[in-house]
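The values are calculated or read from the model by the stated rules, or taken from the named source; none is laboratory data. Small disclaimer: the values here were computed from a predicted structure and weren't measured. Backbone-built Cβ (ideal geometry, glycine too); neighbour counts: all protein chains shown.
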Amino acid sequence: MKNIQTFKHLDDLDTESKYLVHKAKDAAHIAYAPYSKFHVGAAVILDDGTLVTGSNQENSSYPLSMCAERVVLYTVATQYPARKIMKMAVVAHRKNHKELVPATSCGACRQVMSEFEERQEQAFEVVMHSASDEWLKCTSAQDMLPYAFKRNNLID
Ligand code: THU
């Protein structure tokens, strides 16, 4: 995939990314994930420096559960509609474990991130921990979802 940088260690990332990872970790601790026991946290920084966080919220009716990324994105859209997202970090840990485990955003979240970039007419960076135990920094959410379904698909 294009425009994705990889880093062996979290310390190799820029200061803002590390700060967001740290805040995403805090958010993961307050996830509601009694079914999967997989706690995800997402943190975004807005163009005025505001920090917004979210965590996954599960439900006994499993498909109603919501990923951390979409929780934070929809919070931004409702609480800060005039602001632009500059960067997002996503992390995960298992219940009762402190250490982070790899978690790269699901396709549904990438689709939603992609449309947020369109809405704000600006890309935002996404920092995640890959299955190959590297930190990824993507320049744009759209780069993580080639051939995405777009709003102009609906116009005939
Ligand atoms: N989850 C997220 O919050 N973000 C993702 O990108 C992938 C998965 C959540 C959903 C569910 O609560 C749990 O992780 C296990 O899939």
Margin query: Take the residues in region 45-56 that are among the polar types (S, T, N, Q) and buried (at least 16 other Cβ atoms within 10 Å of the Cβ); name whichever of them is farthest from the ligand (Cβ to nearest atom).
Written below: T53
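Within region 98-129, work out how many residues are touching a Pro at 6+ places or on another chain (Cβ under 9 Å) and either more than 9 Å from the ligand (Cβ to nearest atom) or without any contact (Cβ under 8 Å) to a residue 12 or more places away in the chain (or both).
Residues in region 98-129 being touching a Pro at 6+ places or on another chain (Cβ under 9 Å) and either more than 9 Å from the ligand (Cβ to nearest atom) or without any contact (Cβ under 8 Å) to a residue 12 or more places away in the chain (or both): 1 in total.
Take residues that are hydrophobic (A, V, I, L, M, F, W, C) and at pLDDT 95 or above and tell me which of the strands (runs of 3 or more DSSP E) falling wholly in region 1-77 contain 3 or more.
Result: 38-46.
Just to be sure, is P81 part of a loop (DSSP other than H, G, I, E, B) and not aromatic (F, W, Y)? Before the answer, list the steps.
Details: part of a loop (DSSP other than H, G, I, E, B): yes; not aromatic (F, W, Y): yes.
Considered against the rule, which asks whether it is part of a loop (DSSP other than H, G, I, E, B) and not aromatic (F, W, Y), P81 comes out as yes.
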Item checked: region 65-94 residues that are touching a residue at least 60 places away in the same chain (Cβ under 8 Å) and within 14 Å of the ligand (Cβ to nearest atom), paired with ones that are in a loop (DSSP other than H, G, I, E, B) and not basic (K, R) (beta carbon under 6 Å, 6 or more apart) -> V90/S105; V91/L100; H93/L100
